[in-house]
1. Of the conditions (1) out of contact with any Ser or Thr (no Cβ under 9 Å at 6 or more places or on another chain); (2) on the phi > 0 side of the Ramachandran plot, GLY160 satisfies every one except a single condition; which number is it?
2. Please find, among LEU148, LEU127, LEU106, the residue that is within 26 Å of PRO38 (Cβ to Cβ) and of a type in the set (A, V, I, L, M, F, W, C).
3. If a residue has to be surrounded by 18 or more Cβ atoms within 10 Å (Cβ to Cβ) and assigned to a strand (DSSP E or B) to count, how many in the range 42-68 make the cut?
4. Just to be sure I understand the filter: pairs with C-beta atoms under 8 Å, separated by 6 or more residues or on different chains, first member in the range 82-102 and more than 25 Å from LYS139 (Cα to Cα), second member open to solvent by 30 Å² or more (accessible area, probe 1.4 Å) and not in a helix (DSSP H, G or I). Which pairs pass?
5. Filter the range 111-128 for residues that are out of contact with any strand residue (DSSP E or B) (no Cβ under 8 Å at 6 or more places or on another chain) and either more than 11 Å from ILE217 (Cα to Cα) or crowded, with 18+ Cβ neighbours inside 10 Å (or both) and give the result.
6. Surrounded by 18 or more Cβ atoms within 10 Å (Cβ to Cβ), of a type outside the set (Asp, Glu) and in a helix (DSSP H, G or I), is that true of ALA72?
7. Look at ARG86 and say whether it is at pLDDT below 90, outside any strand (DSSP E or B) and surrounded by fewer than 20 Cβ atoms within 10 Å (Cβ to Cβ).
8. Look through ALA82, ALA51, ALA70 and report the one residue that is hydrophobic (A, V, I, L, M, F, W, C) and in contact with an Asp or Glu (Cβ under 7 Å, 6 or more places away or on another chain).
Amino acid sequence: MLTRYGVDDDHIRQTTLDLQRQGKERGWWAKFGQLPNPYSVYIGLESAATAVRNFGLAAVPGLLQTERYARAIFDQQRMTEAAAEREKRFQVRMARRACLTEEPLLNLWTIIDESALHREVGGREVLREQLLHLVEMSKRDNIDIQVLPYGEGAHPGMLGSVAILEFPEDVHTPVAYVESFAGDVYLERAEDMRRVTLAYTHLHSSALSSTKSRQLITEVARSLAFASTSTSLAGAGHFRYPGTEPA
């Protein structure tokens, strides 16, 4: 067909042939069986992306979740699904994380609302483990983590979480993904992408730097450790809060 339509540019021909070949290949997620179409579409886009910019409002973004944190999320978000289906989604989420540590590395730039650092998903110990994981992942060259502090007040991200996926220029233009109770929404039109990109730029300018964000996450993790220790001591009868000493 390329020859019939007079396409002689070697680069265009090679790119088209590569896409045709890739179209016949099964994605790595196929081994998990049939997945809901909206979810498999997103995984396919994420696997083809070179970079992802996202904002997490109520929870830590999926690619940075620990096993216990992710399982606690699924147990609440997917409570109406059968246990087998929840387990399959959980295993897929865990497998997706490989894009951050295995070649070709995905470049991830994530902004997390401070509320997610305090929401005790799975309990204090699970949250503390999750925060320490964020600290370690933030040290990787391909990962940039920023926290949007409470002190910034209202911000564009209050409408919900969003992810912007970027691809090689000759493959696809950027795509924005928004998940809600109404379903999954993909934005590609130039007008929509300008609006999403502008909102993300505002979030970036309002967020703490990567270094200060790491410090804040570390401080919150330490406070959780102290709170857990204090509770344990109080329960054992060895600790009393100031002002509660017996007369």
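1. Looking at each condition in turn, GLY160 falls short on (1).
2. LEU106 is the lone residue from the list that is within 26 Å of PRO38 (Cβ to Cβ) and of a type in the set (A, V, I, L, M, F, W, C).
3. Residues flagged as surrounded by 18 or more Cβ atoms within 10 Å (Cβ to Cβ) and assigned to a strand (DSSP E or B) within the range 42-68 amount to 5.
4. Pairs found: GLU85/ARG78; ARG86/ARG78; LYS88/GLY33; ARG89/ARG78; ARG89/GLU81.
5. SER115, ARG119, GLU120, VAL121, GLY122, GLY123, ARG124, GLU125, VAL126, LEU127, ARG128, listed by residue number.
6. Taking the combined requirement at face value, the residue satisfies it.
7. yes
8. Among ALA82, ALA51, ALA70, only ALA51 is hydrophobic (A, V, I, L, M, F, W, C) and in contact with an Asp or Glu (Cβ under 7 Å, 6 or more places away or on another chain).
The values are calculated or read from the model by the stated rules, or taken from the named source; none is laboratory data. As the structure is a prediction and not an experimental result, all values here were calculated from the model. For neighbour counting, all protein chains shown are included, and Cβ atoms are generated from backbone atoms with ideal geometry for every residue, glycine included. Remember, those area values only see protein heavy atoms, side chains included, never the ligands or the DNA or RNA. Shrake-Rupley method; radii C 1.70, N 1.55, O 1.52, S 1.80 Å.
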